[in-house]
1. Which one of these is of a type in the set (Ser, Thr, Tyr) and in contact (Cβ under 8 Å) with a residue 40 or more places away in the chain: Tyr76, Tyr59, Tyr46?
2. How many residues does segment 185-206 contain that are touching a strand residue (DSSP E or B) at 6+ places or on another chain (Cβ under 7 Å) and open to solvent by 30 Å² or more (accessible area, probe 1.4 Å)?
3. Out of (1) surrounded by fewer than 16 Cβ atoms within 10 Å (Cβ to Cβ); (2) among the basic types (Lys, Arg); (3) in a strand (DSSP E or B), the odd one out for Lys252 is which?
4. Take the residues of segment 314-329 that are among the aliphatic types (A, V, I, L, M) and touching a Leu at 6+ places or on another chain (Cβ under 7 Å): which is surrounded by the fewest Cβ atoms within 10 Å (Cβ to Cβ)?
5. Which residues, taken from segment 359-383, are hydroxyl-bearing (Ser, Thr, Tyr) and touching a Phe, Trp or Tyr at 6+ places or on another chain (Cβ under 9 Å)?
6. Among the residues of segment 310-319, is there at least one that is assigned to a strand (DSSP E or B), modelled with pLDDT of 95 or more and of a type in the set (Val, Ile, Thr)?
7. Restricting segment 152-164 to residues that are of a type outside the set (A, V, I, L, M) and in a helix (DSSP H, G or I), which is least open to solvent (accessible area, probe 1.4 Å)?
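The values are calculated or read from the model by the stated rules, or taken from the named source; none is laboratory data. Every value quoted in this text rests on a predicted model; they were computed, and no experiment measured them. Please note: Cβ atoms are built from the backbone with ideal geometry, for glycine as well, and neighbour counts cover all protein chains shown. Note: accessible area is taken over every heavy atom of the protein model, side chains too, but ligands, DNA and RNA are not part of it. Shrake-Rupley method; radii C 1.70, N 1.55, O 1.52, S 1.80 Å.
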Amino acid sequence: MIQLSTKYIKRIEHVEKTITIPADKSILHRAILLGSIVDNGTTKIYAEIGGEDNLATLYAMQKLGVNIIVENKKIYIKGCKKFNNNLLLNCQNSGTTMRMLSGLLSARNVYATLVGDASLMQRPMNRVSDLLVKMGANIQVVNGFAPITIQPTKNANGKVIGGNIDIKIASAQLKSAVLLAGLNAIEKTIIVQNVQTRDHTERMLLAFGADIQTRDMSIELQPSKLRAQNLQIPSDCSSAAFFLALGALKGKVTCKNISINATRSYYLDIMQRMGVALQVENKQMYGNEEVADVTAIQSNLKNIQIMSDEVPKIIDELPILAILMAYAKGKSEVFGAGELKVKESNRLQTIVNTICDMGGQARVIDDGFEVMGKGYLSGGITQSLHDHRIAMSAAIALACSQNGGGIKDAACVSISFKNFFDLLER
Ligand code: S3P
């Protein structure tokens, strides 16, 4: 059995820093995928790749035959008309890679099999294959899970059909998979979603010249050809959440040029509701995405109740928000967060375990959790269960705790944020 090393984190007395976080993981996945399928031309992306998830997408596209060069915080992608065939593509730990690639490849005349690491092989994939089958794709999963097998459809050029697609699960990955397939459909694709989820795919499709219209909860996409673009990718606001939480607990932290797209930045509203003093400055547009410098200043934290309709907007930030709840005084509750059970770990459980391992009080309640905030955590040894956001939440929790402590399998932070510990310890 492999022995995973323990990363020790010392208590930090006071912090004051300004940092630049690598590229937004969600936006960069999309930029790599769309750049790969432009009709002709080279897409130039200005971005520092944050971690292995984005590399999983990049390597998959290279294996499919796309010419991608990474040089000095720039990525050059030459659009590819015909992909290599009969490939085994390893999506590693990245659910976004697996689900979005499923959509893209389903409509592109290829034979491919998608696999991932042990965690990804246990995450539900029928949610994406069911939607793509409705669009006419030839895609199969095994008892709801990867490996995912994709084969060409019987239509000319392996196109899918398109049509009306009702998405019942609040998931941007599913919406994006459908849109990527819809680019190469015979008819237009009309998506109806129950809940608004992150809209980077819609924004980036527009930037790449696709014929797409969004109205309230519906999206209409005509089959479209894309044109190469120059893109500047915002810094990752979900990664920034860890450092803004640190600022809120221990001094002052500014994160430069992070995405403040409303479908992603709702965690800032939650932090403010908890009493965190925030400053949002230097707003500007990077293409179709808004960015700003965001500063969090040490504040007394209040407990909070988070309702189910708020959850999709903070799905990736709930682990670190839960740590803030432990540092607030009083009972905080989160309802309707069942989707956390099928993330990189069962995050309802791993969030609660992390807090309890450090001397706090928390428990899973149905599809949510509650935290009995005492205003402090004592520290201790905890484990990430190979979940990058749990490892980073634990690191911030320990840095702010009375005694510090250790995290088993903390190296998994490199899945989304390879220089997380450098920035924390600098
Ligand atoms: C993502 C969407 C979310 C999120 C994931 C990235 C994306 O997943 O948890 O980290 O880039 O579209 P779901 O859409 O499945 O909730």
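1. Values: Tyr76 fails: in contact (Cβ under 8 Å) with a residue 40 or more places away in the chain; Tyr59 fails: in contact (Cβ under 8 Å) with a residue 40 or more places away in the chain.
Residue meeting the stated conditions: Tyr46.
2. Residues flagged as touching a strand residue (DSSP E or B) at 6+ places or on another chain (Cβ under 7 Å) and open to solvent by 30 Å² or more (accessible area, probe 1.4 Å) within segment 185-206 amount to 6.
3. Unmet for Lys252, out of (1) surrounded by fewer than 16 Cβ atoms within 10 Å (Cβ to Cβ); (2) among the basic types (Lys, Arg); (3) in a strand (DSSP E or B): (1).
4. If we filter segment 314-329 for residues that are among the aliphatic types (A, V, I, L, M), which is where we start, we get 314-315, 318, 320-326, 328.
In the following step, the residues that additionally are touching a Leu at 6+ places or on another chain (Cβ under 7 Å) were identified as 314, 318, 324, 326, 328.
On the way: Ile314: 22, Leu318: 27, Leu324: 31, Ala326: 27, Ala328: 20.
Step by step, filter segment 314-329, then rank; the result is Ala328.
5. Filtering segment 359-383 for residues hydroxyl-bearing (Ser, Thr, Tyr) gives 376, 378, 382.
Tyr376 - this is the single residue of segment 359-383 that is hydroxyl-bearing (Ser, Thr, Tyr) and touching a Phe, Trp or Tyr at 6+ places or on another chain (Cβ under 9 Å).
6. Taking segment 310-319 and keeping what is assigned to a strand (DSSP E or B), we get none.
No; the residues of segment 310-319 include none that is assigned to a strand (DSSP E or B), modelled with pLDDT of 95 or more and of a type in the set (Val, Ile, Thr).
7. Gly158
Let's see how each residue does on (1) more than 24 Å from the chain's Cα centre (by Cα); (2) more than 16 Å from the ligand (Cβ to nearest atom):
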site: Val311; (1), (2): no, no
site: Asp316; (1), (2): no, no
site: Pro319; (1), (2): no, no
site: Glu333; (1), (2): no, yes
site: Ala337; (1), (2): no, no
site: Thr350; (1), (2): no, no
site: Gln361; (1), (2): yes, yes
